[in-house]
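First the structure, in the form of structure tokens, and then the observations on it.
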Amino acid sequence: MVPVSFDLFSDASTSLVKQYLSAELFNQLKDKVTATGFTLEKALQSGIINPDSAIGIYAGDAQSYQCFSSIFIPIILHYHGVNLGKKHSTDIHLVDFQPPDPEGKYIRSSRVRVARNISGFSFSNHIALAERYRLEKQVVSVLSALGGDLKGSYCPFEHCESSQFKLLKQQQLTFEKGDRFQDAAGINADFPKGRGIFYSDDRRLRVWLNEEDHLRIISQETSADLAGLFNHLTKAILELEKKLPFVRDERFGYLSSCPTNIGTSMRAGVHIQLEKLGQRKELLSSITKGHDLQIRGTQGEKTRVENNVFDISNSRRLGISEVDIITGLNEGLKALIDAEEKL
Ligand code: ARG
């Protein structure tokens with residue numbers, strides 16, 4: 001028999017899911033259903049429609065990681081390069097170190113985000129509209145109670161005619177409907193209903209609601225004060241955690257709809273302009289790889305690098321702690337700046 005993965009995925013597909021889903025595994029999993037009704041077929045939708053998917057699978061709820069573990073585990077091992085025998089431990093606390101680019105010569109902006117999902121709800125690719133609204137209401141009530149430098153406002157996208165929304169859009173604080181990968185996964189269903197953004201009065205903290213995950217908690221600045229940025233985000237996460245039951249698994253850490261984001265679910269990165277290293281791609285890539293960093297395009301995932309402005313962020317998210325990610329990024333950036341200055 002021809003392996004089913006050959007039937008499901010186009011010849012052009014090089015996704016991890018195609019690589020690991022054998023015909024036997026497919027047959028073993030095809031009739032399984034989670035308590036919320038999530039199936040393998042739905043998990044594979046985006047990877048089938050988009051042959052250029054790198055991963056090609058999404059989880060529809062927390063239980064998907066158990067129910068379909070025989071396909072998620074090899075993908076997680078491959079992507080995160082970890083040994084799953086160990087527990088994933090979380091370490092989020094205040095840090096103190098010198099910024100990597102104190103004079104702001106290279107770093108244009110820095111950003112740290114984590115993804116969080118709330119227990120008892122299907123993930124964004126599988127949630128019904130009424131549930132999206134219920135989740136929005138629950139989260140907004142907690143966000144609205146934040147005080148001090150986390151105090152802010154919520155802007156629902158449904159009222160996108162509002163002057164509040166227009167202003168936020170101008171300031172590039174809103175998020176757009178998801179790309180074709182997210183779309184095929186079901187993440188854009190009923191957009192913009194139930195979506196919105198909470199932003200602190202000083203705009204440093206943003207929380208995206210009902211995007212690829214229930215919450216994306218983001219701290220962003222134009223400076224390169226990574227420790228300050230991380231501490232700010234840490235405060236927000238610790239506050240929210242007191243009131244919201246985030247889904248967490250002993251081995252996989254915080255769970256997300258896309259298996260690339262499990263673990264710390266944290267991406268910490270900068271936009272950095274490296275004119276000279278930009279001409280020395282091999283050196284640039286060996287320094288970033290050596291520090292477990294990855295390079296994305298200037299406008300984010302799957303975009304091009306413009307004017308030698310690289311989006312550089314941590315590549316490890318599982319089996320590493322939040323504090324180790326931020327200190328590792330700091331070290332890697334110092335090495336890059338050092339190399340740039342020597343060229
Ligand atoms: N599903 C897409 C792929 O397989 C995106 C994967 C990672 N990105 C993300 N935003 N979750 O290539």
Next on the checklist: List the residue pairs whose Cβ atoms are under 8 Å apart, where the first residue sits in segment 219-245 and is over 26 Å from P100 (Cα atoms), the second is part of a helix (DSSP H, G or I), and the two are 6 or more positions apart or on different chains.
Outcome noted: E239/L150; L240/V142; L240/L143; K243/V142; L244/Q138; L244/V139; L244/V142
Checklist outcome for this item: Residues of segment 301-330 being within 16 Å of the ligand (Cβ to nearest atom), open to solvent by 50 Å² or more (accessible area, probe 1.4 Å) and of a type outside the set (K, R), in sequence order, are E301, T303
Item to check | Among residues of segment 294-343, those that are assigned to a strand (DSSP E or B), within 22 Å of S89 (Cβ to Cβ) and without any contact (Cβ under 8 Å) to a residue 40 or more places away in the chain, counted | outcome: 0
Item to check | All positions within segment 200-229 that are under 17 Å from R116 (Cβ atoms), part of a loop (DSSP other than H, G, I, E, B) and open to solvent by 10 Å² or more (accessible area, probe 1.4 Å) | outcome: E211, E212
Next on the checklist: If the requirement is being touching a strand residue (DSSP E or B) at 6+ places or on another chain (Cβ under 8 Å), assigned to a helix (DSSP H, G or I) and among the aliphatic types (A, V, I, L, M), which of these qualifies: L168, L173?
Outcome noted: L168
Checklist entry - Before we move on, is R251 open to solvent by 40 Å² or more (accessible area, probe 1.4 Å), away from the ligand (no atom under 16 Å from the Cβ), more than 30 Å from K42 (Cβ to Cβ) and assigned to a loop (DSSP other than H, G, I, E, B)? => result no
Checklist entry - Just one of V95, V140 is closer than 18 Å to E211 by Cβ and open to solvent by less than 40 Å² (accessible area, probe 1.4 Å); which is it? => result V140
Item to check | Identity of the residue in segment 155-185, in contact with a Ser or Thr (Cβ under 7 Å, 6 or more places away or on another chain) and modelled with pLDDT of 95 or more, that ends up surrounded by the most Cβ atoms within 10 Å (Cβ to Cβ) | outcome: A185
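The values are calculated or read from the model by the stated rules, or taken from the named source; none is laboratory data. Computed from a predicted structure; not experimentally measured. Every residue, glycine as well, gets a Cβ built from its backbone with ideal geometry; the counts of neighbours run over all protein chains shown. Protein only, heavy atoms only, side chains kept; ligands, DNA and RNA dropped before computing areas. Shrake-Rupley method; radii C 1.70, N 1.55, O 1.52, S 1.80 Å.
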